[in-house]
Every structure is written in C-alpha cells, then in structure tokens.
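Notes follow the structure.
Just so it is clear, none of the values below were taken in a lab; they were calculated from the coordinates. Keep in mind the model is a prediction, meaning the values are calculated, not measured. Using ideal geometry, Cβ is built from the backbone for each residue, glycine included, and neighbour counts are taken over all protein chains shown.
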Amino acid sequence: MIAPVISLRGRDFIDVADLEPGDLRRLLDLARDIKGGRWTERPLQGKHVAMLFQRPSHRTRVSFEVGIARLGGTTTTLSGQDVQLGFRESVADAARVLDRYVDGVVARLRSHADLLLLARSSDKPVINALTDRSHPCQVLADLMTLEEVHGDLAAQRVVYIGDGNNIANSLIEASVLAGFALTVITPPGYDPDAGVVERARSINSGSHHVTLTNQVDVNRATAIYTDVWASMGQEDERAARQKVFAPYQVNQHLMDIAPEAVFMHCLPAHRGEEVTDEVIDGPRSVVFQQAENRLYAQMALMAGLFGA
C-alpha cells in the first residue's frame, strides 16, 4: 500500500488554489487507488470530525460521512439551526468551541467570508464543502472523472456553460493548477469572480488556459459542464434567470457539435432548464460518475490532511 504524501497535513482546504501541482497529482493518484481497492488505510482512526451544514446537502453530506467512516473516523453533523453562526454566537466563538471537541471541521456555509473566519479562528483543519464562492471538493472529483474518461488533463478542453458561480470559480483555479484549457461561457453580467479570474491570468502557466466569453462555442470540447441557473439562495431570481439563460441550455444539438465531449453536472439538476433529459440521461453523461468520485477524492484529501 502507498502512503499519502500531500503537503496539506494539519492545514485547511478552502480552495483548489490551496494545492500545489504535485499535491493535486498525488491526491488524484491516491483517490484512484482508494477507488480500486489498492489503498485501505485508516488515518482517521480515533479522530472525530464536525460536519457543519448551513445549506441542505445530499451528495456532500453522505460522501463525507461515508468517507470519514471508511477512514476510521466518526462524525457529528450540525445544521445551521443547531449553531446559527453570526446569530446565536459568532463564527469565531463557534470555531473556538469546536476546536476543543473535534479534530477537524467540514463546513458547507453560505458565506465564503464566514468560512475564512472559521478557518482563521480554528487550530484544526477546516475543509470547504461549499460556499457561495467555491466548491473545491466537487471539482477534485470532476478532475478525477475527466482523467478516467479522457486521460491526461493537460490535453483536455473543458467548456463550462451557465452561471459564473462557485463551480466556475473552482474550475478556473483547477485549470491553472492542472494545465487544461477552460472556456467559461456566461450571459453578460453573470461572470465568474473577478478576483479568481485575475489571479488565474497572473500565473504564467495558466494565462492561456482560461477564456471567458458570452458566445456559446463548444468546438473541440472534451467536456461540456453546466450547473443550475439559480443556486440556493437565488430562488427569487429563478424566473428572471430562466429568460436570461435560455440560450445557454445544454441540449442534444449542442452536444452533437462536440462529438468527443462528455456531459458533466455537479447535481442536483433542474431538468428542462440548464440541461435536457436527453443529454443528462444520454450515453455521454458522466454525472453519476462525478457524484461517485466525490467519495474517493474527499477520502484522499482527508488522508492527506489527517494522515500521520
């Protein structure tokens, strides 16, 4: 069996950009070995992880709870109602209390600023399980999936279509780190985070990999990725967004333009809006492979964070 050699031990994992290229390579290799049954160590034996979820969760909660158990650890899951960050007690106070009970925190928070404050106030590792700015654990699973279906990441061209949301931001960071070409296509005014884009373009190795546009073009794509048009907390904008985003739907006509491309989605999907049933249920859809790989990518990440 191999041992994880990921230089995040004892640190936080807030964004994909927290990793170095070598860390990412080792993490993906370890995730592949865990999935293949070639690595079965239990580095979380005797450790307890708090799961702090302000937002509803299906894949994230189950994959983390199962992964922690398989690595030998135990969990306590707290809802937003249980803790009420910023209302019942401050984010910093909640972090200091958890620090005295648990060995790490997996946090799915509304505000990225709150997550940063939680991490700064805690001496234990904090993992970003989703914020309004980024969704790094999802994108680690996406990279694992892309390698499984198309091989070398540096040879791929990923096209993301839709809202410039947390998925788009994390994909931009991943494209710089892994060296694949990424095109982010959004309606005008729905661009990704300007700070994420600026940082990506300031790194020489990634400056030519990221393209932002409002024009739909999927030629030569190896993957076409989309997400919901209105995320959690944007429900009151849904009707207006449906009109703006309608030309950006991923349908069979669009997929036919890129015959080598797989279809990707972080789920849950709003079928008939950002994607049609024909595409998400079609032979080139890898959405459930992505969902499965959440488990293995996160196990590899936690092995690196908590391993001896």
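Data for the structure
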{"item": "Among residues of the stretch 137-165, those that are of a type in the set (Val, Ile, Thr) and under 14 Å from the mean Cα position of the chain (by Cα), counted", "result": "2"}
{"item": "Any hit, the stretch 110-120, residues being in contact (Cβ under 8 Å) with a residue 24 or more places away in the chain and in contact with a Cys (Cβ under 7 Å, 6 or more places away or on another chain)", "result": "no"}
{"item": "Restricting the stretch 218-248 to residues that are crowded, with 20+ Cβ neighbours inside 10 Å and among the polar types (S, T, N, Q), the residue that is nearest to residue 166 (Cα to Cα)", "result": "226"}
{"item": "Hits in the stretch 39-90 - residues which are touching a Gly at 6+ places or on another chain (Cβ under 6 Å), crowded, with 17+ Cβ neighbours inside 10 Å and charged (D, E, K, R)", "result": "47"}
{"item": "Meets criteria (part of a helix (DSSP H, G or I), free of Cβ contacts under 8 Å to residues at least 60 places away in the same chain, surrounded by 22 or more Cβ atoms within 10 Å (Cβ to Cβ) and of a type in the set (Ser, Thr, Tyr)) for residue 175", "result": "yes"}
{"item": "Within the stretch 266-280, tally of residues that are in contact (Cβ under 8 Å) with a residue 60 or more places away in the chain and closer than 14 Å to residue 229 by Cβ", "result": "3"}
{"item": "Qualifying residue in the stretch 180-191 (condition: within 15 Å of the chain's Cα centre (by Cα), touching a residue at least 12 places away in the same chain (Cβ under 8 Å) and not in a loop (DSSP other than H, G, I, E, B))", "result": "no"}
{"item": "Positions within the stretch 131-146 being touching a residue at least 40 places away in the same chain (Cβ under 8 Å) and out of contact with any Cys (no Cβ under 8 Å at 6 or more places or on another chain), in sequence order", "result": "132, 133, 134, 136, 137, 139, 140, 141, 143, 144, 145, 146"}
{"item": "Single condition residue 273 does not satisfy, out of (1) under 23 Å from the mean Cα position of the chain (by Cα); (2) under 24 Å from residue 143 (Cβ atoms)", "result": "(2)"}
{"item": "Residue ranges of helices (runs of 4 or more DSSP H) in the stretch 248-308 with at least 1 members out of contact with any helix residue (DSSP H, G or I) (no Cβ under 9 Å at 6 or more places or on another chain) and farther than 30 Å from residue 44 by Cβ", "result": "252-257, 277-280"}
{"item": "Single residue of the stretch 23-54 satisfying the filter (assigned to a strand (DSSP E or B) and in contact with a helix residue (DSSP H, G or I) (Cβ under 7 Å, 6 or more places away or on another chain)) that is farthest from residue 305 (Cα to Cα)", "result": "53"}
{"item": "Residues satisfying the stated conditions in the stretch 72-92, i.e. in contact with a helix residue (DSSP H, G or I) (Cβ under 6 Å, 6 or more places away or on another chain) and among the aliphatic types (A, V, I, L, M)", "result": "83, 85, 91, 92"}
{"item": "Counted residues, the stretch 93-113 - those being surrounded by fewer than 21 Cβ atoms within 10 Å (Cβ to Cβ) and either among the small types (Gly, Ala, Ser) or in a helix (DSSP H, G or I) (or both)", "result": "7"}
